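Each remark here refers to the structure printed beneath this line.
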């Protein structure tokens, strides 16, 4: 394993390449319509990969997470291109689940190492962040799980913010994987119901009873998360230790 200084330079180099790719995409596509046509071209190419397609879709989640790009169109595409049979649905769901978890973990590790000072400078003064830090210190897995189930917490920002908390990597990875899995399955299913690639790129999906149930379940998780964090915050103010 390379020494810390070399690992830091390696991570910075990787980030630089990703940033250059993102800048190149902006320069190439420019407008919203340009981005849509670019996504369509990429999706069309991946759709021709056959059995390797789900693996590539899952792998794309790593740069998507690191670069703060939306992941839902990619999940919808996975369902649209590969999830119309039971075997395909299971394969693409597994690949996206692994890929999105890996992407979240890479962002977490970058936030904990290379970009730690930058992330801390933007979140440390926020009182909600201090409560979050206290919460994950005592109940890391449960807090991460509830946060991932919540539809109102920004996914990509949370990856980096949790990196500068005291949550263990194991609790973060396991809580993220389990918390993201229901949403992954839902969006793969919704993608499989779409009939046109343009609908995938635009994210045009009809609301279903399952989707509504998942949304309200996520809101319930948000309420539970707020209650748990509130209790931990009050105990911290009183100087008590959390159970």
Could you put 90, 194 in order, starting from the residue whose Cβ has the fewest other Cβ atoms within 10 Å? 90, 194
Among 113, 93, what is the fewest-to-most ranking by other Cβ atoms within 10 Å? 113, 93
Sites residue 116 and residue 48, calculated FRET efficiency, Cβ-Cβ separation with R0 41 Å, nearest 0.05: 0.50
Order these peptides, 165-171, 134-140, 97-103, by their mean beta-carbon neighbour count within 10 angstrom, highest first. 97-103, 134-140, 165-171
Whole-number value, in Å³ per residue, for the convex hull of the alpha carbons of the range 111-188 is 86
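Mind ordering 46-54, 182-190 by average Cβ neighbours within 10 Å, highest first?
Top to bottom by mean Cβ count within 10 Å: 182-190, 46-54.
Taken together, the values in this text are just the output of simple stated rules run on the coordinates, not laboratory data. None of the values given here were measured: they were computed from a predicted structure. No Cβ is skipped: glycine too gets one built from the backbone with ideal geometry, and neighbour counts run over all protein chains shown.
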